[in-house]
Structure formats: C-alpha cells, structure tokens
Amino acid sequence: MKILSIETSCDETGVTILEGIGDRITILGNALASQIELHAQYGGVFPALAKRAHAEKIIPLLKEALSAANLLRVSAREISTADSAYIQELFPHDEALVGKIIDIASHYEIPAIDYVAVTSGPGLEPALWVGVNTARALAHLWSKPLYPINHMEGHVVSALFKQTGEKTYSLEEFEYPALSLLVSGGHTELVLIDSPLSYKKIGATRDDAVGEAFDKVARILGLPYPGGPKISALALDARRQSQDADITFPRPMLHSQDYDFSYSGLKTAVLYYVRDLAKEHPNILKNVKMISTIAREFEEAAIEVLVTKTKKAIEEYNVQTLLVGGGVAANTYLREQLSEKISVPILFPTRELSTDNSIMIGMALYYQLSHGKEKSALENLEADGNLSL
Ligand code: KG4
Ligand code: ZN
C-alpha cells in the first residue's frame, strides 16, 4: 500500500511517499523544508509567514517526493472546468498555488498511490489549511481517498517504527499498556495506550509546553530560535566542565497529585534570575560560561519534572512500554535521564522523526489501516488547530 502524506502544522513543510507491506515501511520519497531561518528573526513562529512559506513550497516538495519515488511521469491530461473551479474555491486568494496544482495534475500521470494522508490538527490553523486544502485538491483531481491525521498521533507512532536501513523501518513489538510522553513546541502530554489506537490523555501542560519553555528561555539568553538544540548543547558543555550554578530553578508541579505540567513559572524564574544578574554583570549575554550554566540548570529542572511524572505514571498504571515523541525527544539529556530512571523498555523515534515531519503522518495512517481502523475518506476535510488525541 502506498501513501502520500502531507504535514504543514507548524514551521516544517513535509511531503512523503511511503510504502507499507506487513510490518515494514519503505520511504520511497521524502521532501522537507524548514522555515527556521524565516522565523528566527521573530524568535518564534509567525503564523501568516508560515502559511505563505508552506504555500510556496508545498508543490515543489510534492514534485521532489514523487520524483524520488519514481512516480512523476510526464503525460498530458485534461482537467475539467468543474475541477479547476473546485481548486480555485479551495484557494481563492492564491492564484500561484492554484496554477501549480493545475499544472501538476495536467502535465503528469496520476501517481500510483493508494491513499492521501494529511495533518488536520493540532497546530497553527492558517498553516494547517495549506496542507489540508492541497491534500483535498490532489485527492479530488487524482480520485484518491483522503484521510485526516492527528499530528500528535504522528508523534506517538513515530516511536513505534525502528529504523532498519537508510529508508526502511519495521514495527517494533512491545507490550501494553504503553505510555506515550509527548514533548514538543506546542504540547507536553502523557497519553495512556491500553491497546492499539486507543489513546487516553492522563496529563498535559497547564500553560507553556516544554519545547516552548526551551525556546523562550533561549530567547532570554540571547540564543536564536529554535532554542531546544542550542540550550541542550550549552548545557552539555556546562555538564562536561562541571560548571554548577549557585541557583536552583523551581521544578513546577513536581509533587502534584496529578500528571499535569506547568512551564511558565520556570521560564519566569530564569527571566528574573538573568535580569538580576545583569545588574552586576551587564554583559551577561556575552558570557558563554554564565549562559551555559543557566542553560544547564534550566534543562535539568525542566527534565526532572518530565522524568519524575512519567515514572510515577508508569508505576500507577502498570505501564509495560514507554514511547517518547515530539521535538524535545531529540534532547540527549532527556534520553539519558529516562534510560537511567525508567525500568520498562523505552522506544524513542529516530532524531529525524522526533521533530516535525511528514513521514510520521504517513506512518500513522499505515498503522491505523493495518490495525483495522475503519476509516471513511473525507472529501470535505477541515483543519482544526485545537484537535486533541
Ligand atoms: O515536534 P516539533 O518539531 O514541533 C511541534 O510540534 O511543536 O517540536 C519543536 C520543539 C521546539 O520547541 C524545539 O526547541 C524543541 O522541539 N527541540 C528541542 C530539541 N530539539 C528540538 N528541545 C530540547 N532539546 C532538543 N535537542
Ligand atoms: Zn510536532
């Protein structure tokens, strides 16, 4: 079964063609464009800019992915007036994108794919709509069934496939109940999975997500967006050189009786600490040693809460397998701490599949279909920025 999948929920535009056979997945074509440089100047993702960048990139990326999969074959096809009108209605304010979609449909063969999968939420709505409407247009023009995928289910499923070769993955065997720790720029969630495809959220952040806290603290420390990888690298240096801070940042909700999180107070604690320190050291942001010591203490506070709550949930729910997903799953210290403190088997996604990508969206549809999920194709699919698991 061949799936075309599209992801545009935040600042990465992704298009993938994958083939699933039994427990194995082969990536036939994959194209990803990051908007990090575009947003870096604003210190975060700017929705209107994200939407425009997705709209510019999506068809070139589709062509790249189809071509890599050997599915981009020149052949003239007539597009009916009704079909052209349908595409125009989907993108009333984007002539350029309408033109590119009509072009690909009229100059190339219908590709031999079986399904189209697209992230329908959660995420930035203007960004999500680009992917959703492009998927609707292609599914309509090529007469392919179209399925919405929850971005968070993509992050969950990304941990279930083990990379076996450059382009191949195979489904891991694991025991239930499983627990998924989802840590990204928009989410911090613990999701209990009793059986395939049954997701029960048992805790979530009450304010900022953990990745968002990394990004905001990076900004306070004068580091560019996205902050996670930069903070993590500085913290690693501080740890290697045994630089300890003479301060302990708070571990919000560490001992609360639930599985919720809160990261906004931790970020504010860093802000106040840096502000006070700047009175004595006006050039603090140029002092790499000081910055990396703060980065270390922040990272350790943020991650201690994640690890402690995850461990508690594993004990209470008799969890047999821990799955980790989302951009912060790429964090080395988190991986180390979980591996050290958690006694059940842990499945991590590859680093490529940790941050946003369209491979995990195709994997999620494949996983659903191969676990017998009855799905009806949705021609009039809508984006939903607040979609929940
Ligand atoms: O899953 P993702 O790519 O996008 C969302 O769905 O939000 O996650 C992006 C987030 C950003 O906040 C980024 O700073 C964080 O993941 N991140 C990291 C690391 N790599 C990415 N945070 C900590 N350590 C990392 N190595
Ligand atoms: Zn994500």
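The values are calculated or read from the model by the stated rules, or taken from the named source; none is laboratory data. Fair warning: this is a prediction, and the values are worked out from it, not measured in the lab. Cβ: placed from backbone, ideal geometry, glycine included. Neighbour counts: every protein chain shown. For the accessible areas, the whole protein counts, side chains as well, though only heavy atoms, and no ligand, DNA or RNA atoms are used. Shrake-Rupley method; radii C 1.70, N 1.55, O 1.52, S 1.80 Å.
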- Message: Cβ-Cβ under 7 Å, sequence separation 6+ or interchain: first residue in the range 174-194 and closer than 13 Å to residue 122 by Cβ and at pLDDT 95 or above, partner assigned to a strand (DSSP E or B) and acidic (Asp, Glu). Which pairs?
- Response: 182/189
- Query: For the range 79-147, which helices (runs of 4 or more DSSP H) that fit wholly inside it have 1 or more residues that are of a type in the set (Ser, Thr, Tyr) and touching a Lys or Arg at 6+ places or on another chain (Cβ under 9 Å)?
  - Reply: 81-90, 95-107
- Query: Taking the condition free of Cβ contacts under 8 Å to residues at least 40 places away in the same chain, away from ligand 1 (no atom under 14 Å from the Cβ), under 30 Å from residue 176 (Cα atoms) and open to solvent by 40 Å² or more (accessible area, probe 1.4 Å), does residue 279 pass?
  - Reply: no
- With respect to residue 2, determine if the residue is more than 16 Å from ligand 2 (Cβ to nearest atom), open to solvent by 20 Å² or more (accessible area, probe 1.4 Å) and either among the β-branched types (Val, Ile, Thr) or within 24 Å of residue 96 (Cβ to Cβ) (or both). no
- Item | When residues of the range 174-197 are limited to those that are surrounded by fewer than 16 Cβ atoms within 10 Å (Cβ to Cβ) and more than 20 Å from the chain's Cα centre (by Cα), the one farthest from ligand 2 (Cβ to nearest atom) | 175
- Query: Right, residue 7: touching a residue at least 40 places away in the same chain (Cβ under 8 Å) and under 25 Å from residue 113 (Cα atoms) or not?
  - Reply: yes
- Item | Sole exception among (1) open to solvent by 70 Å² or more (accessible area, probe 1.4 Å); (2) within 13 Å of ligand 1 (Cβ to nearest atom); (3) among the hydrophobic types (A, V, I, L, M, F, W, C) for residue 387, by number | (1)
- Test: residue 218 is without any contact (Cβ under 8 Å) to a residue 12 or more places away in the chain, assigned to a helix (DSSP H, G or I) and more than 16 Å from ligand 2 (Cβ to nearest atom): no
- Matching residues, the range 307-331, being more than 16 Å from ligand 2 (Cβ to nearest atom) and touching a residue at least 40 places away in the same chain (Cβ under 8 Å): 308, 309, 310, 312, 313, 314, 317, 318, 319, 320, 321, 322
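What about residue 206, is it free of Cβ contacts under 8 Å to residues at least 40 places away in the same chain, away from ligand 2 (no atom under 16 Å from the Cβ), basic (Lys, Arg) and open to solvent by 30 Å² or more (accessible area, probe 1.4 Å)? Don't jump to the end; show me each part of the working.
Numbers: free of Cβ contacts under 8 Å to residues at least 40 places away in the same chain: no; away from ligand 2 (no atom under 16 Å from the Cβ): yes; basic (Lys, Arg): yes; open to solvent by 30 Å² or more (accessible area, probe 1.4 Å): yes.
Here the answer is no, as residue 206 does not meet what is asked.
Looking at 225, 263 in this structure, which one is in contact with a His (Cβ under 9 Å, 6 or more places away or on another chain) and in contact (Cβ under 8 Å) with a residue 40 or more places away in the chain?
225
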- Message: So for the range 162-173 (the condition being within 16 Å of ligand 2 (Cβ to nearest atom) and open to solvent by less than 10 Å² (accessible area, probe 1.4 Å)), does at least one residue qualify?
- Response: no
- Confirm whether residue 232 is without any contact (Cβ under 8 Å) to a residue 60 or more places away in the chain and of a type in the set (Ser, Thr, Tyr). no
- Note on the structure: Residue set 228, 185, 154; condition within 10 Å of ligand 1 (Cβ to nearest atom) and within 30 Å of residue 86 (Cβ to Cβ); output residue 154
- Message: Quick check on my filter: what residues within the range 32-74 are among the small types (Gly, Ala, Ser), in contact with a strand residue (DSSP E or B) (Cβ under 9 Å, 6 or more places away or on another chain) and open to solvent by 40 Å² or more (accessible area, probe 1.4 Å)?
- Response: 34, 67, 68
- May I ask you to list pairs of residues, at least six apart or on different chains, whose Cβ atoms are under 9 Å apart, with the first in the range 145-167 being more than 14 Å from residue 184 (Cβ to Cβ) and the second being open to solvent by 10 Å² or more (accessible area, probe 1.4 Å) and within 12 Å of ligand 1 (Cβ to nearest atom)? 163/352
- Task: Could you grab me the full set of residues in the range 314-345 that are under 23 Å from the mean Cα position of the chain (by Cα), more than 15 Å from ligand 1 (Cβ to nearest atom), surrounded by fewer than 18 Cβ atoms within 10 Å (Cβ to Cβ) and not hydroxyl-bearing (Ser, Thr, Tyr)?
- Result: 345
- Task: Mind listing just one residue for me: the one in the range 211-225 that is open to solvent by less than 50 Å² (accessible area, probe 1.4 Å) and more than 21 Å from the chain's Cα centre (by Cα) and, of those, farthest from residue 298 (Cα to Cα)?
- Result: 223
- Taking the stated definitions as given, is residue 294 more than 30 Å from residue 179 (Cα to Cα), within 16 Å of ligand 1 (Cβ to nearest atom) and among the β-branched types (Val, Ile, Thr)? yes
